[in-house]
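J.: Take a look at this one; I'll ask things after.
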Amino acid sequence: MVRFINERNYAHETPKRMGVLITNLGTPASPSPKDVRKYLAEFLGDARVVEVPRLVWMAILHGVVLRTRPKKSAEAYQEVWGEDGSPLLQIGLKQRDALRESLSTYLDDSEVQVELAMRYGEPSIGSVLEKMRQNNVRRLLVLPLYPQYSATTTAATIDEVTRVLRTWRWLPELRTTNQYHDEDGYIDAIADSVRQHRAEKGAGEKLLFSMHGIPKRNLLSGDPYHCQCHKTARLVADRLGLPDDAWALSFQSRLGKAEWLKPYTDTVLEEWAAEGVKTVDVLCPGFSADCLETLEEVAMEYAELFEEKGGKSLNYIPALNDRPEHIEFLTQFVLDKLSGWHHIKDDAEALENTRERAVAMGAER
């Protein structure tokens, strides 16, 4: 039986607000094997992430994966962990703060509340939504920071949001965003980041777009992620005026023995090195913020692989993170999604009149 949150503390004089919830995948609390194991159990235990029959997968996950993978993953996290903690979380907080400041140009702080949550780990979606509920958010926009839609990421986030909202007695008006893989502002921001990087450090012979992989069966089942990744890469290459032989798209971070989306990033780098390519620029436009997969897997692991196979240097182009162009795009994207939700400010006198009428009719507050 669902237990609904008690709204008895509601006060009629409380101003109503809009809320913007930005989310990302998540991070362990620390780079210790214990915390990494807890994080992986939540992440890999999600049926959206691993589409294998539950009984079979739970036996594999708890009997094999969580006995072997946490130690290795913890060592990788330790390579990128900063003094302030997880890079994904720290960058996410910077994105939240920058978006708050940017939106304040258009909306008063009393009108809109911007928060960050992680799908797995902390700050959890449930805890952040509760904070927004207590601040009387009655119109909620959920913005998963995944440019390309996949059931493994965006849908998993919406699943958790709606699971939490099932316990609310008074639901907010709800809007969600699915993707922004071909939005002009997003494409322009990526292209600008490539231009700036190459202006400062020189251009590699080839540019590789490395996207996070998903199992091929997800594509065959109708997940649009593969197509959206290709469109993003093509649009950015067009913005940069790159000929077809100067860039490629690949997929990284595969798990298990099943076939994933191809070509694989490590395979492409090995082939380029064998062909005599000496310098490569790699960017990961599927990641809105740098994290383990970009900082350790690409910038460290793949750079070492490329050099071992005969290449000279692999230069990683950072994610958009809190770059001004990225925040400006997100600001305009949010304002567009909030369209029609123009909030009429509740002035103190009007709120007090509302409270008095409610009390006269028997309300406590």
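The values are calculated or read from the model by the stated rules, or taken from the named source; none is laboratory data. Predicted model only: the values in this text are computed from it and were never measured. Quick reminder, even Gly has a Cβ in these numbers, built from the backbone with ideal geometry, and neighbours come from all protein chains shown. SASA here: full protein model, heavy atoms, side chains in, ligands and nucleic acids out. Shrake-Rupley method; radii C 1.70, N 1.55, O 1.52, S 1.80 Å.
J.: What's the number of the condition VAL268 fails, among (1) open to solvent by 40 Å² or more (accessible area, probe 1.4 Å); (2) at pLDDT 95 or above; (3) aliphatic (A, V, I, L, M); (4) within 22 Å of LEU219 (Cβ to Cβ)?
T.: Result: VAL268 passes all but (1).
J.: Go through the stretch 91-201 and tell me which strands (runs of 3 or more DSSP E), entirely inside it, have 3 or more residues that are crowded, with 17+ Cβ neighbours inside 10 Å.
T.: 112-121, 137-144
J.: Continuing with the same structure: From ALA303, ALA273, ALA299, which residue is open to solvent by less than 20 Å² (accessible area, probe 1.4 Å), assigned to a helix (DSSP H, G or I), of a type in the set (A, V, I, L, M) and touching a strand residue (DSSP E or B) at 6+ places or on another chain (Cβ under 8 Å)?
T.: Result: ALA303 is the single residue among ALA303, ALA273, ALA299 that is open to solvent by less than 20 Å² (accessible area, probe 1.4 Å), assigned to a helix (DSSP H, G or I), of a type in the set (A, V, I, L, M) and touching a strand residue (DSSP E or B) at 6+ places or on another chain (Cβ under 8 Å).
J.: If MET18 satisfies every condition in (1) farther than 27 Å from THR294 by Cβ; (2) open to solvent by 60 Å² or more (accessible area, probe 1.4 Å) but one, which is the exception?
T.: Only one criterion in (1) farther than 27 Å from THR294 by Cβ; (2) open to solvent by 60 Å² or more (accessible area, probe 1.4 Å) is unmet by MET18, namely (2).
J.: Considering (1) in contact (Cβ under 8 Å) with a residue 24 or more places away in the chain; (2) open to solvent by 60 Å² or more (accessible area, probe 1.4 Å); (3) part of a helix (DSSP H, G or I), say which one HIS230 fails and leave the rest.
T.: The number of the failed condition is (1).
J.: Related question: From the residues in the stretch 255-265 that are of a type in the set (A, V, I, L, M, F, W, C) and under 23 Å from the mean Cα position of the chain (by Cα), which one is most open to solvent (accessible area, probe 1.4 Å)?
T.: Applying the filter and picking the extreme gives LEU255.
J.: In addition: From the set of residues in the stretch 62-90 that are touching a Ser or Thr at 6+ places or on another chain (Cβ under 9 Å) and hydrophobic (A, V, I, L, M, F, W, C), which is surrounded by the most Cβ atoms within 10 Å (Cβ to Cβ)?
T.: Here the residue is LEU88.
J.: So, of the residues in the stretch 233-254 that are farther than 20 Å from TYR186 by Cβ and free of Cβ contacts under 8 Å to residues at least 40 places away in the same chain, which turns out to be least open to solvent (accessible area, probe 1.4 Å)?
T.: PRO243
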